[in-house]
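J.: Pasting a structure below so you can have a look.
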Amino acid sequence: MQPHQYFMYPFSLLYDGITRLRNRMFDVGVKKSIEFEIPTIVVGNLAIGGTGKTPMVEFFVENFKEFHEVATLSRGYGRRTKGFILAGLGVTADEIGDEPFQVFSKYGHEITVAVGEQRILAIPQIIAEKPATELVILDDAFQHRYVKGDLNVLLTTFQRPFFKDHVLPMGTLRESPAGAGRADVVVVTKTPGSIDEDEKKEYLEQIRPHVKKHCTVLFAGLKYGEPYNVRTKEKGDFGKAVLVSGIANNKLLREWGDANYELVEVLEYSDHHYYAEKDIKYIVERMEYHKGENPVLLTTEKDAVKLNANKFLPYLQEIPIFAVPVQVKFEDKDRNILLDMASKVIRNKAYQSEF
């Protein structure tokens, strides 16, 4: 623990007390959790950002969209609007948020994408407008206890697992590690491919005291795909790049970029950064500075949907923008376990609705 964190202890203690009281009110029924007839999968975390929620949501979308009518529901963090919005033709990242827009850009022709701060109200609205919906995947809703999820998937990173973290503002946790007790499955994300079974066992032993007896613990890494041109959707061959990112932690992205390309400059912004005109002008200025090296602008899919907005076209239309797709990477055994758990939830709900 860093010395300055000790000064945060009273505030962390207060925040912890407030969140524990709120959770207790749900546990004893003072606050009500509603279970819907339609199956719901909750993807979330205890920490603030950076655990890989969007790749996990896309993992479920990829594996169930061919067999079920899938909808994703997010709060739409960072959007410039309020209330319930069903994504459709002409929608922008400003209207629904960068991550929902990323999902809509990739799967909007196959699934329903919606945003709404009050998920308990948004789910009935989805069903009303899309009555064929058979599965709702809730992004970043682990603390939204008004909805009782049928499968609660808690993500925590290998680099900063919740059992080594502290409640805000001392650390990054939104609630006590005891909150992990609500999880049906814990996925340790961003797990390096080099770790062995002994290291996994050590993590498992430290997670177990915080979760219920039959909670499943799985491990997953991140897989960076081949970058593609955001305008043509074609993959390209390049050697040098200016890396631009607005994510919670770009350490792994930067390591991947350094290993595969020559990064002539790295521009880092805060998570869900709202790119203003001054930011775009600065990015153009840095690209111009390196033009002799002929770099591309390399970024995340989340940032690409904002940088490729029409309002920035006058500045960036001559600059090649390449987005890096990111996927959750499971070992076959862990992948099958998670998909079996989700499939069971869907089957059970379908069975219950018949009687």
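The values are calculated or read from the model by the stated rules, or taken from the named source; none is laboratory data. The shown structure was predicted, so the numbers you read here are calculated from the model rather than taken from an experiment. Cβ coordinates were reconstructed from backbone atoms using ideal geometry, including for glycine residues, and neighbour counts include every protein chain displayed. SASA here: full protein model, heavy atoms, side chains in, ligands and nucleic acids out. Shrake-Rupley method; radii C 1.70, N 1.55, O 1.52, S 1.80 Å.
J.: Taking every DSSP beta bridge that has both residues in the chain, what percent is antiparallel when rounded to the nearest 5?
T.: Close to 20 percent.
J.: If you don't mind, another one. Mind running the shape call on region 126-260? Use the C-alpha gyration tensor, a ≥ b ≥ c as the square roots of the eigenvalues: rounded below 1.5 for a/c, prolate if a/b tops b/c, oblate otherwise.
T.: oblate
J.: When the Karplus curve 6.51 cos²θ - 1.76 cosθ + 1.60 is applied with θ = phi - 60°, which whole-Hz ³J(HN,Hα) does each residue of region 258-274 get, with x for Gly and Pro?
T.: Couplings: 5, 6, 10, 9, 9, 8, 6, 6, 10, 10, 10, 10, 6, 4, 6, 4, 8 Hz.
J.: A follow-up question, please. Which shape class applies to the chain: rounded if a/c is under 1.5, otherwise prolate when a/b exceeds b/c and oblate if not, where a ≥ b ≥ c are the square roots of the Cα gyration tensor eigenvalues?
T.: prolate
J.: Taking the highest mean first, how do the peptides 141-152, 254-265, 119-130, 196-207 order by number of other beta carbon atoms within 10 angstrom per residue?
T.: 141-152, 119-130, 254-265, 196-207
J.: With every protein chain present, what is the per residue accessible area of the chain (1.4 Å probe, Å²)?
T.: Averaged over the residues of the chain, the accessible area is 50 Å².
J.: Out of residues 5 or more away from residue 147 or on other chains, whose amide H comes under 5 Å of its own, with H placed 1.01 Å from N in the peptide plane?
T.: HN-HN under 5 Å from residue 147: 34.
J.: Report the relative contact order of the chain, percent, no decimals, based on alpha-carbon pairs under 8 angstrom and at least 6 residues apart.
T.: 20
J.: On to the next question. Go through region 75-85 residue by residue and turn each phi into a ³J(HN,Hα) via Karplus (6.51, -1.76, 1.60, θ = phi - 60°); whole Hz please, and just put x for glycine and proline.
T.: For region 75-85, the Karplus-derived couplings read 5, x, 4, x, 6, 9, 10, 10, x, 7, 9 Hz, x marking Gly and Pro.
J.: Could you tell me which trypsin sites (Lys or Arg not before Pro) in region 30-92 are loop residues by DSSP with no more than 15 other beta carbons within 10 angstrom of their beta carbon?
T.: For trypsin sites (Lys or Arg not before Pro) across region 30-92 that sit outside H, G, I, E and B with at most 15 neighbouring Cβ atoms in 10 Å, the list reads 31, 32, 65, 80, 82.
J.: Considering only lysines 8 or more places apart in sequence, or on different chains, count the pairs in region 246-313 whose C-alpha atoms sit under 22 Å apart.
T.: Close lysine pairs under the 22 Å cut-off: 11.
J.: Can you tell me how region 254-325 classifies by the Cα gyration tensor, rounded, prolate or oblate, using a/c under 1.5 as the rounded cut?
T.: The shape class here is oblate.
J.: Need one number: % antiparallel among DSSP beta bridges in region 179-290, to the nearest 5.
T.: 10
J.: Continuing with the same structure: I'd like to compare 246-252, 170-176: which one has the highest average count of other Cβ atoms within 10 Å, and what's the full order after that?
T.: So the peptides 246-252, 170-176, ranked by packing, come out 170-176, 246-252.
J.: Name the residue, out of 187, 305, 266, whose mean-square fluctuation peaks in a Gaussian network model built on the chain with Cα pairs under 10 Å.
T.: Maximum among the listed residues: 266.
J.: Do you know the relative contact order of region 129-286, to the nearest whole percent, from alpha carbon pairs under 8 angstrom that are 6+ apart?
T.: Rounded, it is 16 percent for region 129-286.
J.: Same structure, new question: Among 122, 284, 146, whose Cα sits farthest toward the positive end of the charge dipole of the chain (+1 at Cβ of Lys/Arg, -1 at Cβ of Asp/Glu, about the Cα centre)?
T.: 146
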